1. Taking region 82-101 as the search range and keeping residues that are open to solvent by less than 20 Å² (accessible area, probe 1.4 Å) and at pLDDT 90 or above, which one is nearest to Asn50 (Cα to Cα)?
2. Could you say whether any residue in region 129-148 is in contact with a Lys or Arg (Cβ under 7 Å, 6 or more places away or on another chain) and open to solvent by 30 Å² or more (accessible area, probe 1.4 Å)?
3. Right, Phe164: under 15 Å from Ile43 (Cβ atoms), part of a helix (DSSP H, G or I) and of a type in the set (Phe, Trp, Tyr) or not?
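The values are calculated or read from the model by the stated rules, or taken from the named source; none is laboratory data. For clarity, every value in this text was computed on a predicted model and none was experimentally measured. Don't worry about glycine lacking a Cβ; one is built from the backbone with ideal geometry, like all the others, and counts go over all protein chains shown. Just so you know, the surface numbers come from the protein's heavy atoms only, side chains and all, with ligands and any DNA or RNA stripped out. Shrake-Rupley method; radii C 1.70, N 1.55, O 1.52, S 1.80 Å.
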Amino acid sequence: MGDSSFNGRIIYMSIYTKTGDKGETSLLGGKRVSKSCLEMQVIGEIDELNACLGVVVALLSPSAREGVGGVGVERKGIFLFLQSIQRDLFKVGAELASLQSPLGDKINKIDNTRVGEMEVYIDKFWSELPELKNFILPGGSLAGAEIHRARTVCRRAERQLVDFSKNNAIRPELSIYINRLSDFLFALARFVNSKEGVEEIIV
């Protein structure tokens, strides 16, 4: 809840606007849409993915109790990288919300830079992990399990994005980013569990 000062008094600004009480919301630029439209579905999936990554970031935070995540000195680097991804996801959501708005050309957009960085991480993780010959159960340490959860939400977001793109022109960078992110999260989950000393359970 925000606040501002008026004549020496603090005025609290309400978090609720009541403009969405009838099931509609506004996109960037002011366009009103149903909260259940496909556009809002995919934006909501991106938001949920970001929240899931927030849990992972909390578990891998350098200030978290020692041993959580089990990534040792690499924890800070992964922690900061995940926060960068969270910021990217805000850009993705904003781009999707501005597709039919003049603001679309003005907002900050992601490029393929982070995708390349994710691939470097994936190759590093994979080089330190045992060869994967079977499906594995998602789970392991608390951090590993939450990363697996984020991966499944990422895949759901990708499915929604693919469906949305059938009738809406989106930049290929968005699809590439979300697809590579799910690969990164799978590799990260395995890496964290390995560093935590948790054995993978094959199916």
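1. Per the stated criteria, the residue is Leu89.
2. The initial filter retains those residues of region 129-148 that are in contact with a Lys or Arg (Cβ under 7 Å, 6 or more places away or on another chain), namely 129.
So of that shortlist, the ones also open to solvent by 30 Å² or more (accessible area, probe 1.4 Å) come out as none.
Within region 129-148 (the criterion being in contact with a Lys or Arg (Cβ under 7 Å, 6 or more places away or on another chain) and open to solvent by 30 Å² or more (accessible area, probe 1.4 Å)), the answer is no, since none of the residues qualifies.
3. yes
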